[in-house]
Amino acid sequence: MNFNGIKFDPYNEPNIEEAAQKFNVNFSHAPYAATEELAKRIFFDNSYDWKTIIKSLCERQELQKTVLSHFKTLVLNKRVDILPQYTYLLTFLISNNKISIKQLDKGILKQLGDKEIYNKDSYFLLHSFLASWDLNYALSIDRDYVEKNFSHIVEANRVPLRDIISNSQQYYKVLSHMLSDDKIQFHINQTIQKMIRDNNSEELEGLEWLINKFLSNKNELEIEFIFDALELSSIRKFLLSNWSLKFTEKLYNYLSESAKDLDSSFEIRAIKKINRLRAELPANFYLAARHEINRLAEQDKEFIVATIERVSSLNIEKLAAPREFLSNANDAWEWYDYANALVHNYYNKYPGDETIDIRKLVNDLNFTLVVNRFETEQFDACLVRDSSLLSPIIFVNTNMKSEGRINFSIAHELAHAIIPHHSNKSFFCFIDDVNEENKVKMDKHLEKEANSFASNILLPNREFKKVISTLNYNFYNIIDISRRYKTSIVLVAKKWVEESNLEIAMVFSTNGKVDWAIKSDTFPFGWIDNIPSNSSVHKVMDMHSRDSIIHKSNSSNWFETPFEKTILEESIIIFENKILTLLQIIED
């Protein structure tokens with residue numbers, strides 16, 4: 001028998017009938033040869049809907065009897081040239097209810113595993129099917145083989161599916177293998193929905209771990225399962241509740257990281273699904289902001305909202321390249337690990353850059369940066385996250401801000417964008433809540449981390465220590481460094497104090513009153529509370545000079561101390577009535 005010349009088209013019924021008719025004719029004359037030819041076609045050519053075609057083939061009982069009889073003959077005659085294909089035909093007919101599993105000859109199936117007859121491909125194919133179709137039947141033929149090669153199916157039958165999902169870290173491989181069966185996929189979805197309804201925190205923790213694992217494992221079947229599951233409202237609401245502001249961001253990032261491993265058609269389907277999900281999400285915008293964002297002018301709030309709506313309405317056209325700068329990040333990382341990785345990877349990518357261009361870095365990380373002159377002078381910057389956004393949006397105010405201050409604000413908000421524990425929902429507020437009556441309470445610990453992160457990005461520790469190691473602590477050098485690295489002189493002075501072994505300190509004051517101060521570990525005196533009346537601070541204020549004023553004083557003028565040292569102080573006006581003062585212990 002030969003099907004050559006007949007085009008199999010499951011959507012063209014006359015061709016299917018023609019193929020079935022030809023098979024039946026050949027089957028009448030040479031049944032064994034006809035079934036062998038059919039076995040080869042089904043085994044080697046999966047481009048056709050064989051399930052539909054089989055329904056139109058011979059309906060007579062002779063087909064079942066012939067396949068069962070000939071399979072026995074092939075096993076006994078050790079026909080390894082056709083056994084894999086014929087075994088597949090046998091399992092295919094069983095799965096399509098053409099042959100009952102009760103009609104199989106266990107003795108022949110066991111002989112297929114005998115050393116003299118053993119054919120590795122046929123035996124694996126047979127038990128792979130039987131273990132999924134009827135595990136107990138498969139175990140009755142060769143328990144050792146089934147338990148060794150299909151442990152995931154055995155485990156799945158020993159442990160309730162709900163327990164398997166709840167303990168997904170232990171049973172991940174079992175669940176992954178189970179996805180190959182559409183019927184089991186249905187049961188997994190049903191079980192997940194029941195778990196969500198019952199709202200057991202321990203079970204849901206295991207469920208979320210599994211979802212993250214499936215999405216990050218770069219396995220198309222696992223990713224497709226999650227995207228199909230998102231069609232169910234209960235599962236979608238569960239992820240929205242848990243991922244909150246990062247819902248779209250996480251889905252998109254997982255897909256981007258797996259892009260090179262995905263089929264292009266699947267990628268297109270996944271992007272369309274994300275766009276559709278985003279369109280259905282409620283438009284609630286959240287802010288993480290610093291420095292009196294509660295005082296935003298109404299037109300500034302309107303500008304932020306309009307920008308967010310515009311960005312969130314843009315459809316995804318393609319997947320972005322993975323964030324290579326953070327490709328090796330893991331759950332154990334602290335803020336400084338993220339900062340160090342960004343610095344290291346930035347210079348690897350841009351070896352010709354002498355300093356880090358913070359705007360270029362933000363762009364490489366696929367974040368949206370909006371630098372704008374806001375009406376509200378005291379507004380510094382904010383980070384916006386929303387469940388419909390692909391990535392956070394960073395807003396920075398240029399009003400009355402130096403380039404160094406703007407760059408620091410960008411780096412600070414970048415910390416909130418990439419450090420995982422900075423995306424905690426309690427850290428954000430609704431934009432409509434940002435007003436005089438409902439003030440924002442920012443997390444001081446996270447703000448301190450973001451400041452340190454920004455300092456390490458703009459002035460990398462190792463590099464900065466090398467730069468200051470041969471320089472004197474004065475405004476001439478501080479201003480030179482700030483220009484070179486495009487940072488503020490306050491940041492340079494502060495970091496110098498933090499990283500130096502010298503006996504130095506720094507004081508920031510307004511109208512002659514201390515706002516804050518910092519001292520090196522070797523500085524011998526305690527905290528600074530008051531500014532002496534004869535200090536350089538008052539002199540620079542009185543003279544309204546833009547240049548720094550240097551002055552020597554006794555330590556007793558600044559500190560209550562039983563011993564005295566000579567202090568070299570240097571002050572400069574930073575902005576209007578704000579003064580920055582450098583203090584250094586010197587030898588007489």
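The values are calculated or read from the model by the stated rules, or taken from the named source; none is laboratory data. From a predicted model like this one, the values you see are computed outputs, not experimental measurements. Cβ sites come from the backbone with ideal geometry, for glycine too, and all protein chains shown count toward neighbours. Calculation scope for accessible area: heavy atoms of the full protein, side chains included, ligands and nucleic acids excluded. Shrake-Rupley method; radii C 1.70, N 1.55, O 1.52, S 1.80 Å.
Points to keep in mind about this one:
- Difference of contour (0.36 nm per residue) and Cα-Cα distance, Leu326 to Asn348: 6.6 nm
- Accessible area per residue was computed with a 1.4 Å probe on protein heavy atoms; Lys486 scores about 100 Å².
- Square roots of five times the Cα gyration tensor eigenvalues for the stretch 159-289, Å: 23, 19, 13
- Each peptide in 328-336, 229-237, 32-40 gets a packing score, the mean of other Cβ atoms within 10 Å over its residues, and the list from highest to lowest is 32-40, 229-237, 328-336.
- Here the label points at Leu68 and Phe124, each 7 Å from Cα along the C-beta direction, are separated by 2.9 nm in the simple model.
- FRET efficiency for Asn97 and Arg236, using Cβ-Cβ distance with R0 set to 45 Å, rounded to 0.05: 0.80
- Residue pairs exceeding 19 angstrom between C-alpha atoms, taken from Lys466/Lys495; Lys40/Lys102; Lys218/Lys250; Lys349/Lys465; Lys513/Lys539; Lys246/Lys448: Lys40/Lys102; Lys349/Lys465; Lys246/Lys448.
- The Cα center of the stretch 191-224 and the Cα center of the stretch 444-467 differ in position by 37 Å.
- Förster-model FRET efficiency, 35 Å R0, Asp105 and His187, C-beta, rounded to 0.05: 0.65
- A simple packing score, the average count of other Cβ atoms within 10 Å per residue, orders the peptides 94-107, 573-586 as 573-586, 94-107, with the highest score first.
- MRE, 222 nm, helices only [DSSP H, n ≥ 4, -39500 (n - 2.57), over the chain, to nearest 500]: -17000 deg cm²/dmol
- When you work out D = kT/(6 pi eta Rh) for the chain at 37 °C and 0.692 mPa s, using the Kirkwood radius from C-alpha pairs as Rh and the Stokes-Einstein form, the result is 110 µm²/s.
- With respect to the chain, whose longest principal axis is taken over its alpha-carbon atoms, helix 120-133 is tilted by about 80°.
- For the stretch 92-164 and the stretch 490-563, distance of Cα centres in Å: 81 Å
- The gain in end-to-end length when the Arg269 to Asn477 segment is fully stretched comes to 69.2 nm, 0.36 nm per residue minus the alpha carbon separation.
- Over the chain, Cα pairs under 8 Å with separation of 6+ residues give a relative contact order of 8 percent.
- Percent carbon-and-sulfur accessible area, the chain, ignoring ligands, DNA and RNA, probe 1.4 Å: 46 percent
- Spin-label pair Asn501/Ile550, simplified geometry with 7 Å Cα→Cβ offset, distance in nm: 2.4 nm
- Geometric extent, Cα atoms of the stretch 219-279 - Rg, Dmax (angstrom): 11.1, 30
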